[in-house]
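Reviewing the structure listed below.
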Amino acid sequence: SFIGEESVAAGEGSILTDNPTWIIDPIDGTTNFVHRFPFVAVSIGFVVNKKIEFGIVYSCIEDKMYTARKGKGAFCNGQKLHVSGQEDITKSLLVTELGSNRDPETIKIILSNMERLLSIPIHG
């Protein structure tokens, strides 16, 4: 099976089943692309029994290939990635994304979550 982000965004329905399924977003970061903001990627995932098996993200502008496989770790251009180990949120850089849904209830939830984050003395 195939699920394409662009067709779902256009209103086509899709149902994730237990069948092996490719999930593809050919322009991940469409808004960035439209505004010439240089963070755009091609994202591909492969799911079996509704569980992700592996994913590939190619950051076009940066020419970086990110890969990850269940139980095998994540890599950037073949080099293994590691988490920082930082456990103190006040020493962490937090990044968020507002999403594209402008439904009033969704906006209320997003802003409430952001308010909780902003009450923590965080970086960024």
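The values are calculated or read from the model by the stated rules, or taken from the named source; none is laboratory data. All values reported here derive from a predicted model rather than from experimental measurement. Methodologically, a virtual Cβ is constructed for each residue, glycine included, from the backbone with ideal geometry; neighbour enumeration extends over all protein chains shown. For accessibility, only protein heavy atoms count, side chains too; no ligands or nucleic acids. Shrake-Rupley method; radii C 1.70, N 1.55, O 1.52, S 1.80 Å.
Worth pointing out:
- Options THR31, THR17; residue that is in contact (Cβ under 8 Å) with a residue 40 or more places away in the chain and either part of a helix (DSSP H, G or I) or over 16 Å from the mean Cα position of the chain (by Cα) (or both): THR31
- Any hit, the range 100-119, residues being touching a Ser or Thr at 6+ places or on another chain (Cβ under 8 Å), among the small types (Gly, Ala, Ser) and either open to solvent by less than 70 Å² (accessible area, probe 1.4 Å) or at pLDDT 95 or above (or both): no
- Candidates ILE44, ILE52 - the one that is over 30 Å from SER119 (Cα atoms), of a type in the set (A, V, I, L, M), open to solvent by 80 Å² or more (accessible area, probe 1.4 Å) and not in a helix (DSSP H, G or I): ILE52
- Considering (1) open to solvent by less than 70 Å² (accessible area, probe 1.4 Å); (2) closer than 20 Å to GLU97 by Cα, the lone condition that ILE3 does not fulfil carries the number (2).
- Considering only residues in the range 16-33 that are of a type in the set (A, V, I, L, M) and in contact with an Asp or Glu (Cβ under 9 Å, 6 or more places away or on another chain), the one that is farthest from ILE61 (Cα to Cα) turns out to be ILE23.
- For the range 84-96, the set of residues classified as farther than 23 Å from THR31 by Cβ, among the hydroxyl-bearing types (Ser, Thr, Tyr) and not in a helix (DSSP H, G or I) consists of SER84, SER92, listed by residue number.
- Selection of first residues in the range 97-124 that are within 20 Å of THR30 (Cα to Cα) and of second residues that are at pLDDT 85 or above, restricted to Cβ pairs under 7 Å at least 6 apart or on distinct chains, gives the following pairs, ordered by first then second residue: LEU98/ILE110; GLY99/ILE110.
- Residue that is in the same structural domain as GLY4 (by the TED database) and farther than 15 Å from GLU5 by Cβ, where the choices are SER43, SER92, SER59: SER59
- Residue within the range 65-72 that is of a type outside the set (D, E, K, R), surrounded by fewer than 10 Cβ atoms within 10 Å (Cβ to Cβ) and not in a strand (DSSP E or B) present: yes
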